[in-house]
Amino acid sequence: MLKELRIAGFGGQGVILAAHILGRAVSIHEGGYATMTQNYGPEARGGAASAALVVSDQPVLYPYAVSLDVLVAMSSEAYTRFVPEVREGGMLLVEEDLVPLDQKAQHLRVYGIPATRLAEELGKKMVLNVIMVGFFCAITGIVVRDAAMKSVKDAVPARFLDLNLKAFERGYEYGVELLAKGPAKGEQQMAVPQEAEV
Amino acid sequence: MSTTELHVHNPVEDLLRQDRVPTIWCPGCGIGTTVNSFAHALLGQQINLQKTAIVSGIGCSGRVSGYMNLDSFHTTHGRAIPFATGLKLANPELTVIVYSGDGDLTSIGGNHLIHAARRNMDIMVVCVNNMIYAMTGGQAAATTPGASNSTTTPYGAFEPELNMAQLVDAAGACFVARWTAFHVMQLERTMAKALKKKGFRFIEILSPCPTYYQRKNNMGDALAAMVDYKKRSKIKNGCPTWETALEPGGEIVVGEFVDREREDYLTRMRRQLGSHYSEFPPQPEEQESEGCEKEC
Amino acid sequence: MKADQRCVMTGTHFINGDAACCEGALSAGARFAAGYPITPSTEIVERFAARAPQVGGLFIQMEDELASSIAIQGMVWGGQKSFTVTSGPGYSLMMEHIGLAAISETPCVFVDVQRGGPSTGLPTLPAQGDMMQARFGSHGDYVTIAICPNSPQECYDLTVKCFNLAEKFRVPVMFMMDECVGHMTEKVVIPPAEEIDLYPRRHASKPPGEFQLFEAGEELVPEMAHAGEGYKLYVTGLTHDKRGYPALNPAAQRELVGRLFEKIRRAQDELTMVEAEGLEDADVVVVSYGITSRVAQKAIQAARDKGLKVGKLRLICVWPFPEKLIRELAGKVKALVMPELNMGQVVLELERCAGGQCKVIGVPHPGGTVHKPVEILEAIERGAR
Ligand SMILES: Cc1ncc(C[n+]2csc(CCOP(=O)(O)OP(=O)(O)O)c2C)c(N)n1
Ligand code: SF4
Ligand SMILES: [Mg+2]
C-alpha cells in the first residue's frame, strides 16, 4: 500500500500542520511510514501553502508525490494548480465554499466540506485544518481515526486541545454522514460542471 | 628580509618564546617596539597569563602571536577577529587579544572589525599600522596615505586612506586609541588600561616599515620615521574621531579618543536570555515533550 | 563516553532533516555554533539558536561564512564542540577555513545542505553538486571525511557520527546533506543518552612542559589542549613542527602533510561505511549516496522485477572513497552504475577505482529534483547487456 497525498491552500489555513498531523499519525501512531515534503521558495510565497505526503506500510523510497491519490484543496488556486497531479480516479477533497470546481475534476471522486464555516461555528476559524483532517480520515480511511486524534494531541498546545479534538470530531462526522447518504463509489458528491464556466 | 634580535630583556623575556628568537622582523621595524610596550603592559597589570590568548591574522604584524609566550593562534588573513570571537564565547574566562596588521584587520578583515565593534565583543584589538602590505612586499593597503607609492600604486595611490579610529568608533567600540611607535610609554599605559576594560577595545599604532613603506616613499630609515612621528604627532585625548584623519604629511592625532561604557556581547546575551539561559541544562523530563509546536 | 541526557531530546519525533541534524549536534555535545543564514540550511541554526541557550550553549550569527567557519575553530580551541551550517554559496566562502581546520587538526563539523548551483543557482531545490568541493575545495593537499545521509533519521544519527569522527581523527568532517533530506519530514527516533556513544576529545595526557601539541602517537592523531589550560599553545596555519612552530621547509611539509593523509588512509576500513545488498551474484551494482540512493533503490526493485541481477551499494561515507571495496567489486560485475545529482563528480572516482575492470555508467542530473527511477533503470539495463 502506498498513497500519495497533497494538502494545499493558502497561508494561515494551517495546511502544513494538517499534513504534519497526518504524517505523524501514520509514522508514529500507526507504525507505518510517512514522508512529508513542502514547497519552498518563490512558489511558496504570495500566500500559497502546500505539503505532500507519501504514506506506506513499507519504507518510502521516492520522496515526492507525483501521482496523487488524494488532493485536499483548500483554496481555488490550490485546486487549479494541483488538480492536474491527481491520478485518474483519485480523490479530491475540497473546502467547498472556497473551491469552485470545473471540468478538471470530472474524472475524480469529489467530496466537499464547508470547513471554514464549521470552524467558525466552533468558535475559532483557526481549527479548519483539523476539521479537514477529521474529514480526510472519514472519507479516505487512509489514516486511522485514533491515530489521527493522538497526533492532534501531540501537535496542538494544551490549551487548545479540546477545541481541536472537537474540530476533528466535527470533520469526521461530516465525512461519515456524507458517505452514508452519498451515492455509490466512483460518483461525485459534488456537482461538477460539465463545461468550463469561465 | 634580514633578521634581528628583539631588543627586550627581563622580565619581559618570560613573555616571549625565547626558542623562537630571532624574529623575522627587519632591523628598524616598529612591530617589535610595539610588542615591547605590550609585554610591559601585560606584566604591569598582573593579568593571569595562563588565561590570556593572542590571535593574529597573516602579515609581518600577524607574526606577533607566535612570539608571545601565551596561547598563540596564527589564523588566516583577515580572520583573526572571528576566531577570537569564537574563542572568547567558548571560554569567557579568557582575556583575548587580537594583534595584527592594518591590511589584515581593515582591508580583507574590515567587515569582521566592524561587526566585532558593533557587537562590543569583549576582545582587545591591536592594529600595527605600517600603512602598507609589508609581508607580501609593499603593496597598497586601505590605510596607505593618498598619493603614496607602493608596488601596486607606482604612480601613487589614488584612493583616500581609511581612518580606522573613526570606523570602529562609529561601529560601537568602547575604547579607541592611537599612538605611534615613538610613544612607547604612552602606548604601554594605554594598553594596560585597555587590558582591564571590558568590551571591544581598539588600539592603532603607527609603525615604521623601513623595508617597504619608508623606502618606497623616500622617507629614510626607522630613525627618520621616529623623528617624523615626533614632529607630526599631536596628543589630543578625547578628540572626536572624525577629527583624527591621517592626512599625508599632515598632523598625526594621537591619544585615547574614546573610552565609554557599553554592555558587551556576552553580558547583554545573558541579560536578555534571562531564564531562557541555563547554566546547568534542564533535566530530561522537561525536555522530552513531544509537542511539535516548534517543529512545524 | 555517553551523551549527556540533558542535551538529548529522547523520543519519537516527526521532524525534518534540518531539525534532526540540529538535534544530532546537540546529542553529540555540540552546544556552540556559528553560522550565516542560507536556504536550505537555515532551519538548522534557527532551531539551534532556540535550543542552545537551554543547555548553556549559544549560537552566534556571524557577518558571513568566512567568519562562521573560523569562529567555530575558535570555539573548539576554547574547549567546546562546535559546527557551522551552510549551503552552496556559503560553502564556497568557507573553503579557506576547511584548510585551516585540516592543517591545525581542529575537530569540527561543516554541514552543507546542498542545493542547485553554480552560484545562487536553485536555493530551494536539491543537488549533490558540492561533492568534489567537499573533497578538494580548499587549496593544498589535505583529506577530509564526507558523510551523506538519505533520511531525517540519518540526519540525526550521522550528525552524531560526524562529531565522533571529527574527534577521533581530528579532521574537519563534511556532512553533505541536500535540500531534499533537509526539508523532508519523517519519523526520527532519538534514543536515550545512555545509548549514544561519543568519542571524547583527545585531550593532552601530559602536563604543560612535557606536552607537544602536534606530537602524534601510534594512530598518528595528536592530542590537543585548550586555551587557558596553561599549555601555551601555538596553533598556526603554516606548516609546523611537533611543537606547532612554523617550519617552512620541505622536510617539515613532508612529515606534516604525510601524516595528515596517512592518519585517514590507515583508517580506510573503519571509514568504509556502506549499505550493501545483493552484491554476491549481481551483474550490475548501483552505487549511490544521499537522497539519490532512495531513488536508486526503486530502480533496483524495478530491474529485479524484470529478472536482472542487481546489487545495491550505498556510500554513507563518500570521502575517503571506499577504494578497496570498489576495486574488488569491479572485478566481479559487468557494470557499476552511479546516479548522482550533479553532472558527474563522484563517478570519476568510481571509474578510477574500477580501473577498467567493468563498465562504469554515470547517470548525471543537474539537480533541482531527484532522478526519475526509470532513468536509473535504463542505465542498469544498459549495464546488464
Ligand atoms: C586570502 C589571502 N589573501 C592574500 C594573502 C597574502 N597576504 C599575506 S599578508 C598580506 C598583507 C598583510 O598586510 P598587513 O596586514 O598590513 O600586515 P603587515 O605585513 O603590513 O604587517 C597579504 C595580502 C593571504 N595570506 N591570504
Ligand atoms: S617588511 Fe616592514 S613590517 Fe615587515 S618586518 Fe620588515 S620592516 Fe617590519
Ligand atoms: Mg601593514
*State all residues of the stretch B:67-93 that are more than 13 Å from ligand 1 (Cβ to nearest atom) and assigned to a helix (DSSP H, G or I); if no residue qualifies, say none.*
B:Tyr67, B:Pro82, B:Phe83, B:Ala84, B:Thr85, B:Gly86, B:Leu87, B:Lys88, B:Leu89, B:Ala90
*State whether one or more residues within the stretch B:197-205 are within 13 Å of the chain's Cα centre (by Cα), within 16 Å of ligand 2 (Cβ to nearest atom) and closer than 23 Å to B:Arg232 by Cβ.*
yes
*Of the numbered conditions (1) of a type in the set (A, V, I, L, M); (2) assigned to a loop (DSSP other than H, G, I, E, B); (3) surrounded by fewer than 20 Cβ atoms within 10 Å (Cβ to Cβ), C:Leu213 fails exactly one; give the number of that condition.*
(3)
*asked:* Suppose we filter B:Gly137, B:Gly101 for residues that are touching a residue at least 40 places away in the same chain (Cβ under 8 Å), within 13 Å of ligand 1 (Cβ to nearest atom) and under 14 Å from the mean Cα position of the chain (by Cα); which single one remains?
replied: B:Gly101
*If you go through the stretch B:118-130 one residue at a time, do you hit one that is free of Cβ contacts under 8 Å to residues at least 60 places away in the same chain, closer than 23 Å to B:Cys29 by Cβ and within 13 Å of ligand 1 (Cβ to nearest atom)?*
no
_Failed condition for B:Leu187, given (1) within 15 Å of ligand 1 (Cβ to nearest atom); (2) within 22 Å of the chain's Cα centre (by Cα)_ = (1)
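Residue-by-condition table, conditions (1) away from ligand 2 (no atom under 16 Å from the Cβ); (2) surrounded by fewer than 23 Cβ atoms within 10 Å (Cβ to Cβ):
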| residue | (1), (2) |
| --- | --- |
| B:Asn36 | no, yes |
| B:His40 | yes, yes |
| B:Leu43 | yes, yes |
| B:Gln46 | yes, yes |
| B:Gln50 | yes, yes |
| B:Ser61 | no, no |
| B:Ser65 | no, no |
| B:Asn69 | yes, yes |
| B:Thr75 | yes, no |
*Which residue, of B:Ala147, B:Ala192, B:Ala173, is away from chain C (no Cβ under 14 Å), modelled with pLDDT under 95, out of contact with any Cys (no Cβ under 6 Å at 6 or more places or on another chain) and away from ligand 1 (no atom under 16 Å from the Cβ)?*
B:Ala147
*Picking from C:Thr272, C:Thr236, which residue would you name as being within 12 Å of chain B (Cβ to nearest Cβ) and polar (S, T, N, Q)?*
C:Thr236
*asked:* Of the residues C:Ala25, C:Ala50, C:Ala102, C:Ala33, only one is among the small types (Gly, Ala, Ser) and under 22 Å from B:Leu113 (Cα atoms); which?
replied: C:Ala33
*Residue identified as surrounded by fewer than 24 Cβ atoms within 10 Å (Cβ to Cβ), within 7 Å of chain B (Cβ to nearest Cβ) and either in a helix (DSSP H, G or I) or out of contact with any Gly (no Cβ under 8 Å at 6 or more places or on another chain) (or both) among C:Met9, C:Met75, C:Met95*: C:Met9
*Does any residue in the stretch B:155-184 that is touching a residue at least 24 places away in the same chain (Cβ under 8 Å) come within less than 6 Å, Cβ to Cβ, of a residue that is acidic (Asp, Glu) six or more places away or on a different chain, and which pairs are these?*
B:Met164/B:Glu204; B:Phe175/B:Asp259; B:Val176/B:Asp169; B:Ala177/B:Glu256; B:Arg178/B:Glu204
*Residue check for B:Asp14: part of a helix (DSSP H, G or I), within 24 Å of B:His183 (Cα to Cα) and either within 16 Å of ligand 1 (Cβ to nearest atom) or aromatic (Phe, Trp, Tyr) (or both)*: no
*Residue check, C:Pro37 against (1) part of a helix (DSSP H, G or I); (2) more than 19 Å from the chain's Cα centre (by Cα), all met but one. Which one?*
(1)
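The values are calculated or read from the model by the stated rules, or taken from the named source; none is laboratory data. Predicted, not measured: the structure shown is a model, and the values here were computed from it. Cβ coordinates were reconstructed from backbone atoms using ideal geometry, including for glycine residues, and neighbour counts include every protein chain displayed.
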